Amino acid sequence: MLITLKFIVLFSAFSFLLFGLSCLFSPLMTLEFKRYELHSYQKITGILQILGAISLAVGLYFTPLLLLGSYGLSLLMFSGFLVRISLKDSIWKTLPSFCFALLNLYAFILSIFCLNNSI
């Protein structure tokens with residue numbers, strides 16, 4: 001497996017583990033989800049982020065989980081990006097979700113490449 005892919009996966013897994021825990025337990029995240037008018041999705045979002053992080057980490061040894069986790073987190077972050085745009089948030093608040101969407105999409109594409117070429 002490419003060293004670039006391993007780095008991206010570990011960085012993303014660690015980040016989403018922290019994001020997920022924050023989503024589940026941080027009062028600040030509760031305020032944010034209320035601002036988004038998506039408070040009912042806060043817990044499922046946190047759980048999906050943690051499951052995505054675990055899928056990425058385990059996916060280093062079992063590629064189908066890497067594909068699932070990276071694609072799922074990419075979709076989740078793209079959705080977050082669209083929410084930020086709809087709220088007319090600043091570029092600085094909007095950019096992280098877009099970057100994480102692209103990062104996980106890139107990991108997904110690299111995973112397919114590695115799977116097909118057995119690198």
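The values are calculated or read from the model by the stated rules, or taken from the named source; none is laboratory data. Predicted model, so just to flag it, every value in this text is computed and none were measured. Methodologically, a virtual Cβ is constructed for each residue, glycine included, from the backbone with ideal geometry; neighbour enumeration extends over all protein chains shown.
I need every pair where a residue in the range 39-66 that is hydrophobic (A, V, I, L, M, F, W, C) has its Cβ under 8 Å from the Cβ of a residue that is outside any helix (DSSP H, G or I), sequence separation at least 6 or different chains.
Leu60/Met1; Leu66/Leu60
If you scan the range 67-110, which residues turn out to be touching a residue at least 60 places away in the same chain (Cβ under 8 Å) and under 19 Å from Tyr41 (Cα atoms)? If you could, list the steps in order and put the result at the bottom.
Of the range 67-110, the ones touching a residue at least 60 places away in the same chain (Cβ under 8 Å) are 70, 73, 100, 103-104, 106-107, 110.
Once the filter is applied, which keeps residues that are touching a residue at least 60 places away in the same chain (Cβ under 8 Å) and under 19 Å from Tyr41 (Cα atoms), the range 67-110 yields only Leu73.
Can we say Ser111 is small (Gly, Ala, Ser), part of a helix (DSSP H, G or I) and more than 12 Å from the chain's Cα centre (by Cα)?
The answer is yes for Ser111.
Just to be sure before I move on: is Thr45 hydroxyl-bearing (Ser, Thr, Tyr), out of contact with any strand residue (DSSP E or B) (no Cβ under 9 Å at 6 or more places or on another chain) and closer than 17 Å to Phe100 by Cβ in the structure I sent?
Yes, satisfied.
Output yes when any residue across the range 68-77 is over 17 Å from Leu17 (Cα atoms), out of contact with any Asp or Glu (no Cβ under 8 Å at 6 or more places or on another chain) and in a helix (DSSP H, G or I), and no when none is.
no
For Tyr36, state whether it is surrounded by fewer than 18 Cβ atoms within 10 Å (Cβ to Cβ) and within 18 Å of Leu17 (Cα to Cα).
Criteria not met by Tyr36.
Per-residue answers, yes or no, for (1) modelled with pLDDT under 95; (2) crowded, with 16+ Cβ neighbours inside 10 Å; (3) assigned to a helix (DSSP H, G or I):
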{"position": "Met1", "(1), (2), (3)": "yes, yes, no"}
{"position": "Ser15", "(1), (2), (3)": "no, yes, yes"}
{"position": "Leu18", "(1), (2), (3)": "no, no, yes"}
{"position": "Leu21", "(1), (2), (3)": "no, no, yes"}
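Would you confirm whether any residue within the range 45-67 is exposed (fewer than 15 other Cβ atoms within 10 Å of the Cβ), more than 29 Å from Cys114 (Cα to Cα), under 15 Å from the mean Cα position of the chain (by Cα) and aliphatic (A, V, I, L, M)?
no
Name every residue in the range 23-46 that is over 30 Å from Leu60 (Cβ atoms), part of a helix (DSSP H, G or I) and either modelled with pLDDT under 95 or in contact with a helix residue (DSSP H, G or I) (Cβ under 6 Å, 6 or more places away or on another chain) (or both), in order of residue number. Give the steps one after another, and end with the answer.
Going residue by residue through the range 23-46, those that are over 30 Å from Leu60 (Cβ atoms) are 27-28, 30-40.
Next cut, part of a helix (DSSP H, G or I) only: 27-28, 30-36, 39-40.
Matches in the range 23-46: Glu32, Phe33, Arg35, Tyr36, His39.
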